[in-house]
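Enquirer: Have a look at the structure that comes next, please.
The values are calculated or read from the model by the stated rules, or taken from the named source; none is laboratory data. Predicted model, so just to flag it, every value in this text is computed and none were measured. Backbone-built Cβ (ideal geometry, glycine too); neighbour counts: all protein chains shown.
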């Protein structure tokens, strides 16, 4: 275990507030960088697994290393009552009788994975994104406008994803969500890493505001929100049938709301930032994505064509590698061996993929450098064991296709319909930094006070 100064407290404060440096301190403390080590967080031992060779071992041991305790803890943090938690975890549905919670997750996976049954969902996503990026839309209602780059991307994509999943009535009824959710997302680590609530309560306070809005939404007749995604309505029906009330359903649905609106918006921001600050890349991407706009720049692009654009996809994956902050969690249900080391029951396991993605022993001496050529020269590394931007195993993120399609279409449409410049020019200041001083969940935030303003200009129609 990494040494600590204060008994009982251990790494409970240092890890949530600066997990990157805490983990790297643990790694440098060992003779072998591949060796798992442990931290003492919240009264529990947490094993840290950094070597991608051991990720597969963790994923395969589904009986010894389980994820359910984290789901139950998250339900508790979100305010799901004990009665509702019992229903979600212990009520069996269908054959081979998965729990209600797992059934809901299965419905989400099916609808958010490519296939004939999910095509209406993805078609609507592209329609909402197209509308949100049209000249004359709320954020782009003049030929030339000035915006904070992060706020610009965040507002557009949260609106697009929310309308796609829940229909337009949610934000019409509760527009304050557009303000509350970004605050929650920046502080979500407080809940994920079990930071002391007395000292870190921003996430808890803001999530309550969003759940209030979701509760009001769910109390509307379904006839007034039929434009919601089918799995939202199906999940709601199943929970109500088993006696779960609106507030608990809202808390359960909030997990999905968080997933669709957190990571995609921040990924899109970094994609735009990297493009704006690299003019040659802007022009290269603009040229590469021109063909799928078959009916003009104000038509929807062909997403299948975009998936085959080498530079666009390489930039997406390199953005996830450099700016990603995903983690894999497991609880040790029974003693087991990983990489030759025994993990004791009653402990936790954390796989911090960010540290692996920036590891020079894994990615080479330029691991910390943003370079899309690594994915252009070797596209297969996007599926390599060392690259885990969406986790892996049974907890592989079901929203990964949604995040990819959103990001590719967003950047392709932006560079096609608009000219964007940083105020003062991209050379006026250094590329804005990531906020690596705290903890991250999914993707690392920028240092907000350093985010530049941008000028967004309509491309003239010839």
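Enquirer: Inspect the stretch 315-325 for any residue being within 17 Å of the chain's Cα centre (by Cα), in contact (Cβ under 8 Å) with a residue 60 or more places away in the chain, part of a strand (DSSP E or B) and closer than 24 Å to residue 57 by Cα and give the result as yes or no.
Expert: Checked against the condition, which is being within 17 Å of the chain's Cα centre (by Cα), in contact (Cβ under 8 Å) with a residue 60 or more places away in the chain, part of a strand (DSSP E or B) and closer than 24 Å to residue 57 by Cα, the stretch 315-325 yields at least one hit.
Enquirer: So how many residues does the stretch 200-237 have that are surrounded by fewer than 18 Cβ atoms within 10 Å (Cβ to Cβ) and farther than 17 Å from residue 164 by Cα? Before you say what the answer is, go through the steps one by one.
Expert: Here is the first cut: in the stretch 200-237, the ones surrounded by fewer than 18 Cβ atoms within 10 Å (Cβ to Cβ) are 201-202, 204-205, 208-209, 212, 216, 219-224, 226-227, 230, 233-234, 237.
Then drop every residue that is not farther than 17 Å from residue 164 by Cα, which leaves 201-202, 204-205, 208-209, 212, 216, 219-221, 237.
Residues flagged as surrounded by fewer than 18 Cβ atoms within 10 Å (Cβ to Cβ) and farther than 17 Å from residue 164 by Cα within the stretch 200-237 amount to 12.
Enquirer: Could you look through the stretch 186-206, keep only residues that are part of a helix (DSSP H, G or I) and either at pLDDT 95 or above or under 25 Å from residue 106 (Cβ atoms) (or both), and pick out the one that is nearest to the chain's Cα centre (by Cα)?
Expert: Here is the first cut: in the stretch 186-206, the residues part of a helix (DSSP H, G or I) are 186-187, 189-192, 202-206.
Remaining after also requiring either at pLDDT 95 or above or under 25 Å from residue 106 (Cβ atoms) (or both): 191-192.
Details: 191: 15, 192: 13 Å.
Ranking the candidates gives 192 first.
Enquirer: Same structure, new question: Quick check on the stretch 190-200. Is at least one of its residues free of Cβ contacts under 8 Å to residues at least 12 places away in the same chain, more than 23 Å from residue 121 (Cβ to Cβ) and in contact with a helix residue (DSSP H, G or I) (Cβ under 8 Å, 6 or more places away or on another chain)?
Expert: Restricting attention to the stretch 190-200, the residues satisfying the condition of being free of Cβ contacts under 8 Å to residues at least 12 places away in the same chain are 197-199.
Of the ones still in play, those that are also more than 23 Å from residue 121 (Cβ to Cβ) are 197-199.
Of the ones still in play, those that are also in contact with a helix residue (DSSP H, G or I) (Cβ under 8 Å, 6 or more places away or on another chain) are 197.
Checked the stretch 190-200: at least one residue is free of Cβ contacts under 8 Å to residues at least 12 places away in the same chain, more than 23 Å from residue 121 (Cβ to Cβ) and in contact with a helix residue (DSSP H, G or I) (Cβ under 8 Å, 6 or more places away or on another chain).
Enquirer: Follow-up question, since we're still on this one. May I ask you to verify whether residue 386 is farther than 26 Å from residue 133 by Cβ, in a loop (DSSP other than H, G, I, E, B) and either under 17 Å from the mean Cα position of the chain (by Cα) or in contact (Cβ under 8 Å) with a residue 12 or more places away in the chain (or both)?
Expert: In short, yes.
Enquirer: Would you confirm whether any residue within the stretch 36-51 is surrounded by fewer than 18 Cβ atoms within 10 Å (Cβ to Cβ), in a loop (DSSP other than H, G, I, E, B) and at pLDDT 80 or above?
Expert: There is no residue in the stretch 36-51 that is surrounded by fewer than 18 Cβ atoms within 10 Å (Cβ to Cβ), in a loop (DSSP other than H, G, I, E, B) and at pLDDT 80 or above.
Enquirer: Taking residue 299 as the residue in question, decide whether it is within 25 Å of residue 67 (Cβ to Cβ) and either out of contact with any strand residue (DSSP E or B) (no Cβ under 6 Å at 6 or more places or on another chain) or not in a helix (DSSP H, G or I) (or both). So that I can check it myself, show each step before the final result.
Expert: Values: within 25 Å of residue 67 (Cβ to Cβ): no; either out of contact with any strand residue (DSSP E or B) (no Cβ under 6 Å at 6 or more places or on another chain) or not in a helix (DSSP H, G or I) (or both): yes.
When the stated conditions are applied, residue 299 does not pass them.
Enquirer: How many of the residues making up the stretch 235-292 are over 20 Å from residue 90 (Cβ atoms) and either outside any helix (DSSP H, G or I) or without any contact (Cβ under 8 Å) to a residue 12 or more places away in the chain (or both)?
Expert: Adding up the residues that qualify gives 10.
Enquirer: Would you say residue 54 is in a strand (DSSP E or B) and farther than 24 Å from residue 234 by Cβ? Quick ask: steps written out before the conclusion?
Expert: Values: in a strand (DSSP E or B): no; farther than 24 Å from residue 234 by Cβ: yes.
Taking the combined requirement at face value, the residue does not satisfy it.
Enquirer: Need the failing condition index for residue 179 against (1) surrounded by fewer than 18 Cβ atoms within 10 Å (Cβ to Cβ); (2) touching a residue at least 24 places away in the same chain (Cβ under 8 Å); (3) part of a helix (DSSP H, G or I), just the number.
Expert: Residue 179 satisfies every listed condition except (2).
Enquirer: Turning to a different aspect of this structure: Pairs, please: C-beta under 6 Å, at least 6 apart or cross-chain, first residue more than 10 Å from residue 252 (Cα to Cα) and in the stretch 74-86, second part of a helix (DSSP H, G or I) and at pLDDT 90 or above?
Expert: That search, which allows pairs on different chains as well, returns 81/248.
Enquirer: Quick one: count up the residues across the stretch 408-462 that are closer than 25 Å to residue 353 by Cβ, at pLDDT 85 or above, assigned to a loop (DSSP other than H, G, I, E, B) and in contact with a helix residue (DSSP H, G or I) (Cβ under 7 Å, 6 or more places away or on another chain).
Expert: 3
Enquirer: Say we look at the stretch 357-383 and pick out the residues that are part of a loop (DSSP other than H, G, I, E, B) and in contact (Cβ under 8 Å) with a residue 60 or more places away in the chain; which of these is surrounded by the fewest Cβ atoms within 10 Å (Cβ to Cβ)? Give the steps one after another, and end with the answer.
Expert: Our first condition is that a residue be part of a loop (DSSP other than H, G, I, E, B); within the stretch 357-383, this holds for 358-359, 364-372, 378.
Adding the requirement that they be in contact (Cβ under 8 Å) with a residue 60 or more places away in the chain leaves 359, 370, 372.
Values: 359: 19, 370: 17, 372: 23.
Result: 370.
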